[in-house]
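Comments concern the structure below.
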Amino acid sequence: MSDPLATDGIVATAFDLLEVKAPSSLADESDEADIANRHYRKALDSVLEKADWSFARAIVRLNQVDPATTGLESDPDLPHVFALPDQTIKVWRILVEGVVWRRDGIYLRADQAGPLTARVTLRITDETRLPASFHLAVAYALAQRMSPKLSTSMGKRQQIQAEAADALADALEADARQGTEERYDGLPAQPDWVDEAFI
């Protein structure tokens with residue numbers, strides 16, 4: 001069950017968006033508390049996995065493990081296996097040049113032995129660490145997930161869906177450009193067309 005103190009803000013906002021009275025506590029036995037508890041983590045994770053958010057980003061050292069202990073079938077192309085931190089939502093990049101890698105569940109396979117470091121998105125459970133725009137995007141994601149059970153209005157559900165897309169776009173824009181401009185997909189940087197016009 002979710003921690004009532006940790007999730008009160010996002011959950012309360014989601015109920016406000018649905019125009020439904022929020023439960024007094026996520027620990028109570030109401031249907032509203034039950035549905036919020038079932039969908040909160042999924043809503044949060046679904047928004048976290050959308051982007052390389054600055055507030056959820058971490059550089060982590062990956063510990064190599066014996067493949068035989070993982071239950072994974074061997075892969076001769078990627079023979080080295082590394083454990084990912086428990087709260088890893090998404091792996092964005094391996095910070096060792098030339099490594100070929102693939103995530104398989106809670107493990108990462110690579111064609112090179114360690115040590116390896118990776119840039120990842122980690123799950124955050126402390127809402128005080130979340131920017132306001134992201135907080136709202138998660139509230140919308142939660143409202144979307146709860147709306148089939150809590151809203152009888154198809155118009156309201158469609159409104160929530162449309163506004164959720166806008167909230168996510170706002171959160172992405174607010175979190176953009178938090179460091180030196182660079183591409184994270186390995187491709188060369190493309191100059192701005194305005195700069196090119198004056199070359």
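The values are calculated or read from the model by the stated rules, or taken from the named source; none is laboratory data. Because the structure is a prediction, the values reported are computed rather than measured. Every residue, glycine among them, receives a Cβ derived from its backbone with ideal geometry; neighbour counts consider all protein chains shown. Surface areas here come from the heavy atoms of the whole protein model, side chains and all, with no ligands, DNA or RNA. Shrake-Rupley method; radii C 1.70, N 1.55, O 1.52, S 1.80 Å.
Some notes on this structure:
- Residues being farther than 14 Å from A33 by Cα and either out of contact with any helix residue (DSSP H, G or I) (no Cβ under 7 Å at 6 or more places or on another chain) or outside any loop (DSSP other than H, G, I, E, B) (or both) - total across the range 143-158: 9
- Taken over the range 102-118, the residue count meeting the criterion of being closer than 18 Å to I89 by Cα and either surrounded by fewer than 20 Cβ atoms within 10 Å (Cβ to Cβ) or among the acidic types (D, E) (or both) is 7.
- Residue that is farthest from L95 (Cα to Cα) [pool: residues in the range 152-199 that are of a type in the set (D, E) and modelled with pLDDT of 60 or more]: E163
- Where strands (runs of 3 or more DSSP E) fall entirely within the range 50-129, those with at least 1 residues that are among the charged types (D, E, K, R) are at 57-65, 88-94, 101-104, 107-110, 116-122.
- When S54, S46, S2 are screened for being at pLDDT below 90, under 20 Å from the mean Cα position of the chain (by Cα) and open to solvent by less than 80 Å² (accessible area, probe 1.4 Å), only S2 passes.
- Residue ID - nearest to the chain's Cα centre (by Cα), chosen from residues in the range 57-91 that are open to solvent by less than 20 Å² (accessible area, probe 1.4 Å) and either among the aromatic types (F, W, Y) or over 10 Å from A118 (Cβ atoms) (or both): F82
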